[in-house]
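Notes follow the structure.
The values are calculated or read from the model by the stated rules, or taken from the named source; none is laboratory data. In this text, all values refer to a predicted model and were calculated from it rather than measured experimentally. Here Cβ is always computed from backbone atoms with ideal geometry, including for glycine, and neighbour counts include all displayed protein chains. These area figures cover heavy atoms from the full protein model, side chains too; ligands, DNA and RNA do not enter into them. Shrake-Rupley method; radii C 1.70, N 1.55, O 1.52, S 1.80 Å.
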Amino acid sequence: MATPKEIAGYKLGKKVYEGKTKQVFELVDNPELVLLLNKDRITAGDGARAHDLEGKAEISNKTNAKVFGILNAAGVRTAFVKCVSDKAFLAKKCDMVPIEWVTRRLATGSYLKRNPGIKEGFRFAPPKQETFFKDDENHDPQWCEEQIVSAGFKVNGLVIGQDEVDIMRETTILVFEILEKAWKTRNCALIDMKIEFGVDEKGQILVADVIDSDSWRLWPAGDKRLMVDKQVYRNLVEVTQTELDTVKRNFNWVSEQLDNILPKNDHLVVILMGSASDKEHCEKIARHCAALGLNTELRVSSAHKGTAGTLQIVAEYESLFDNLVFICVAGRSNGLGPVLSGNTSYPVINCPPVNAGNMQVDLWSSLNVPSGLGCGTVLYPEAAALNAAQTLGLTNYLIWSKLRVKMNENLLTLKKGDKELRGVRKVE
């Protein structure tokens, strides 16, 4: 493959890597980024089987962009920046960790050969995670986590220890579960997949490289006979142009299925306050909602002083949205949440603006609701936003994914804090 000097207006510098299916170039005018150029090449068995496949580079580039579009929208830390041509995309410059991280939902393929006695289709819950050292000459041997830690890889100045392995393991499962949710919306089962990580100049661990139809097993309707991934190519007894055309059609179908796969932005959290004096409390709730990707509207209405108006507001929103949550903010005698709960089938969350001085008195009216009402009560604005997101996430996988990413970020924060404390520990 000839080495270009410029792509889409980007001047290419040094070629830092060339693999079986891609080239990676530095950028003359932006040292923090690299350009990845896909090849019209398909391989299997560590390159033992390889063929030119016209159009594959463009399909791979589109698929990769759509996959990373999902992950970036969910808030996953990735290296992907944007596509710049039919065959190329920009990414943050990273040094790569020489490990492939594989996540499996069902037992199949090489896993069965390495683990005799396990029946095909055995379901892993939680997903099974495996690691393989990138070494084509030795067919990418499987490594345990202890081997990775013991290897002491230094990647862009970051030593890969147990903390880093923990982060990559949990992020690998996170990525799988997000994409599994996404593919379920297309009635496709994500069976297993592999990803790789890089470390940028700031020492951040990022999901990097390419994620496309070379990266996973994908079974429409959960039926192995309908597989549309690279396993079709691996299984070929004889590779003819007709068979290659079939593989290409499968890859193109996968890419097309990823079109418009992000959920519609058709939900709303209505934050209803009994008095405008509670605006500051409600704005805190709205900020936490926004951080989770939730749409919000703030309204003022009193169930005691303006019952008819309150119910009219509820009716208006019910006529406009199928995915709707009400958060009710009212102190003293909270009639707002219970009245809404008694007059709507949508979720109602009480988040009264209590403080240390009124908590015991004002909180009771939110908790001690009449029988037949299902409104819940939380004390803190963040808890109200999380509760709303968990409800809406049942039907919106992107909201669910943001919650899942938040869990992963909590782990990263804990790991970082613990590592910093260990770093200053002194031996007496």
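Across segment 43-79, what is the total count of residues that are in contact (Cβ under 8 Å) with a residue 40 or more places away in the chain, over 20 Å from Gln231 (Cβ atoms) and under 14 Å from the mean Cα position of the chain (by Cα)?
The qualifying residues number 12.
Against the condition open to solvent by 90 Å² or more (accessible area, probe 1.4 Å), under 30 Å from Lys181 (Cβ atoms), within 16 Å of the chain's Cα centre (by Cα) and of a type in the set (A, V, I, L, M), how does Leu394 come out, does it pass?
yes
Which pairs have Cβ atoms under 8 Å, sit 6 or more apart or on different chains, and link a residue in segment 244-260 that is of a type in the set (S, T, N, Q) to one that is open to solvent by 40 Å² or more (accessible area, probe 1.4 Å)?
The qualifying pairs are Ser255/Lys62; Ser255/Lys66; Gln257/Arg186.
Quick one: what pairs do we get from segment 278-296, first residue farther than 16 Å from Leu386 by Cβ and modelled with pLDDT under 95, second open to solvent by less than 50 Å² (accessible area, probe 1.4 Å) and part of a loop (DSSP other than H, G, I, E, B), C-beta under 6 Å, 6+ apart or different chains?
Short answer, once both residue conditions are applied: Asp278/Pro353.
Please enumerate the residues belonging to segment 321-343 that are part of a strand (DSSP E or B), more than 18 Å from Pro370 (Cα to Cα) and not β-branched (Val, Ile, Thr).
Within segment 321-343, Asn323, Leu324, Phe326 meet the criteria.
If I filter segment 287-310 down to residues being hydrophobic (A, V, I, L, M, F, W, C) and more than 13 Å from Val270 (Cα to Cα), which single residue comes out as surrounded by the fewest Cβ atoms within 10 Å (Cβ to Cβ)?
Ranking the qualifying residues of segment 287-310, first place goes to Ala308.
Condition test on Glu146, is it outside any strand (DSSP E or B) and farther than 23 Å from Gln257 by Cβ?
yes
Give segment 262-281 a look and list any residue that's crowded, with 17+ Cβ neighbours inside 10 Å and either in a strand (DSSP E or B) or out of contact with any Leu (no Cβ under 8 Å at 6 or more places or on another chain) (or both), or say none.
His267, Leu268, Val269, Val270, Ile271, Leu272, Met273, Asp278, His281
Between a residue in segment 104-122 that is open to solvent by less than 80 Å² (accessible area, probe 1.4 Å) and any residue that is among the β-branched types (Val, Ile, Thr), which pairs come within a Cβ distance under 8 Å, given they are 6 or more apart or on different chains?
So the pair list comes out as Arg104/Ile191; Arg105/Ile191; Leu106/Ile191; Ala107/Ile118; Thr108/Ile191; Tyr111/Ile118; Leu112/Ile118; Gly121/Thr108.
Residues in segment 123-131: is at least one closer than 23 Å to Val210 by Cα and open to solvent by 30 Å² or more (accessible area, probe 1.4 Å)?
yes
Cβ-Cβ distance below 7 Å, separation of 6 or more or different chains: which pairs start in segment 211-237 with a residue that is surrounded by fewer than 15 Cβ atoms within 10 Å (Cβ to Cβ) and end on one that is modelled with pLDDT of 95 or more and not in a loop (DSSP other than H, G, I, E, B)?
Once the first residue is surrounded by fewer than 15 Cβ atoms within 10 Å (Cβ to Cβ) and sits in segment 211-237, its partners that are modelled with pLDDT of 95 or more and not in a loop (DSSP other than H, G, I, E, B) give Gly222/Ala189; Leu226/Trp219; Leu226/Pro220.
Just name the residue that is nearest to Gly47 (Cα to Cα) out of those in segment 113-134 that are more than 28 Å from the chain's Cα centre (by Cα) and of a type outside the set (Lys, Arg).
Ranking the candidates gives Asn115 first.
Suppose we filter segment 311-346 for residues that are of a type in the set (S, T, N, Q), more than 35 Å from the chain's Cα centre (by Cα) and open to solvent by less than 50 Å² (accessible area, probe 1.4 Å); how many remain?
Qualifying residue count for the region: 1.
Restricting the search to segment 71-80, which residues are open to solvent by less than 20 Å² (accessible area, probe 1.4 Å) and touching a helix residue (DSSP H, G or I) at 6+ places or on another chain (Cβ under 8 Å)?
Hits for segment 71-80 are Leu71, Ala74, Val76, Thr78.
Tell me which of these Thr240 doesn't satisfy, since it passes every other one: (1) touching a Leu at 6+ places or on another chain (Cβ under 7 Å); (2) β-branched (Val, Ile, Thr); (3) surrounded by fewer than 16 Cβ atoms within 10 Å (Cβ to Cβ).
(1)
How many residues are of a type in the set (A, V, I, L, M) and under 29 Å from the mean Cα position of the chain (by Cα) if we restrict to segment 9-26?
Final tally of qualifying residues: 2.
Matching residues to (1) part of a loop (DSSP other than H, G, I, E, B); (2) of a type in the set (S, T, N, Q); (3) open to solvent by 60 Å² or more (accessible area, probe 1.4 Å); (4) closer than 19 Å to Val254 by Cα:
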residue: Val16; (1), (2), (3), (4): no, no, yes, no
residue: Ala50; (1), (2), (3), (4): no, no, no, no
residue: Glu54; (1), (2), (3), (4): yes, no, yes, yes
residue: Lys66; (1), (2), (3), (4): no, no, no, yes
residue: Gly69; (1), (2), (3), (4): no, no, no, yes
residue: Lys82; (1), (2), (3), (4): no, no, yes, no
residue: Asp86; (1), (2), (3), (4): yes, no, yes, yes
residue: Leu90; (1), (2), (3), (4): no, no, no, no
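As an exercise: evaluate Asp140 against (1) part of a loop (DSSP other than H, G, I, E, B); (2) more than 30 Å from Pro31 (Cα to Cα); (3) open to solvent by 70 Å² or more (accessible area, probe 1.4 Å) and give the number of the one condition it does not meet.
Answer for Asp140: the failing condition is (3).
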